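**Student:** Below is one structure. I have some questions about it.
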Amino acid sequence: MASIFTKIVNGEIPCHKIAETDKYLAFLDVRPQTYGHTLCITKEEIDYIFDVEDELYAGLWLFAKHVAKGLKKVVPCKRVCIVVIGDEVRHTHVHLLPFNSMEDVTFKPAPKVNISQEEMRDLAAKIAAAVAA
């Protein structure tokens, strides 16, 4: 059965897209831990990040770096951290989290911030513009 991320890649489920290439997709997390919480995924559904072929793996990190730079231009923060957990959705992905202190970065079951769909759409557009610049 296809993962929720594969359904997003295939256009079956909408997302607030930040950036896309032929191999990767970045979009806002629907349950954000911080304002601007973004996911970078491989379009190919691979469960475990360390099973990803080397070239695709290296490309994911370069893609995430590019997205993180655009994210930091838009969301006021000390840094953008990167987290790989990869258990809840069995599809390779990395989390980009704007943060100002370590207290900002926790993965509790419920989202830490509430953002309306309109705010998500506007934020995604701003970050996408910064990534494209």
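The values are calculated or read from the model by the stated rules, or taken from the named source; none is laboratory data. The structure presented is a predicted model; accordingly, all values stated were derived computationally and were not measured. All Cβ positions, glycine included, derive from the backbone under ideal geometry; neighbour counts span all protein chains shown. Quick note on the areas: whole protein, heavy atoms, side chains included, nothing else; ligands and nucleic acids left out. Shrake-Rupley method; radii C 1.70, N 1.55, O 1.52, S 1.80 Å.
**Student:** Restricting to the stretch 1-28, name every residue that is in a loop (DSSP other than H, G, I, E, B) and either at pLDDT below 95 or out of contact with any strand residue (DSSP E or B) (no Cβ under 8 Å at 6 or more places or on another chain) (or both). So that I can check it myself, show each step before the final result.
**Tutor:** The initial filter retains those residues of the stretch 1-28 that are in a loop (DSSP other than H, G, I, E, B), namely 1-3, 10-16, 21-23.
Across the stretch 1-28, the qualifying residues are 1, 2, 3, 10, 11, 12, 13, 14, 21, 22.
**Student:** Cβ-Cβ distance below 9 Å, separation of 6 or more or different chains: which pairs start in the stretch 42-55 with a residue that is under 14 Å from residue 5 (Cβ atoms) and end on one that is crowded, with 16+ Cβ neighbours inside 10 Å and of a type in the set (Lys, Arg)?
**Tutor:** none
**Student:** Do we find a residue being assigned to a loop (DSSP other than H, G, I, E, B), among the small types (Gly, Ala, Ser) and under 16 Å from the mean Cα position of the chain (by Cα) anywhere in the stretch 46-63?
**Tutor:** No, the conditions are met nowhere in the stretch 46-63.
**Student:** So residue 131 fits all but one of (1) assigned to a helix (DSSP H, G or I); (2) within 19 Å of residue 23 (Cβ to Cβ); (3) open to solvent by 20 Å² or more (accessible area, probe 1.4 Å); what number is the exception?
**Tutor:** With respect to (1) assigned to a helix (DSSP H, G or I); (2) within 19 Å of residue 23 (Cβ to Cβ); (3) open to solvent by 20 Å² or more (accessible area, probe 1.4 Å), residue 131 is out only on (3).
**Student:** Six or more apart or on different chains, Cβ under 9 Å: which pairs go from a residue in the stretch 1-25 that's surrounded by 15 or more Cβ atoms within 10 Å (Cβ to Cβ) to one that's assigned to a strand (DSSP E or B) and modelled with pLDDT under 95? Could you list them?
**Tutor:** Pairs that qualify, where the first residue is surrounded by 15 or more Cβ atoms within 10 Å (Cβ to Cβ) and the partner is assigned to a strand (DSSP E or B) and modelled with pLDDT under 95: there are none.
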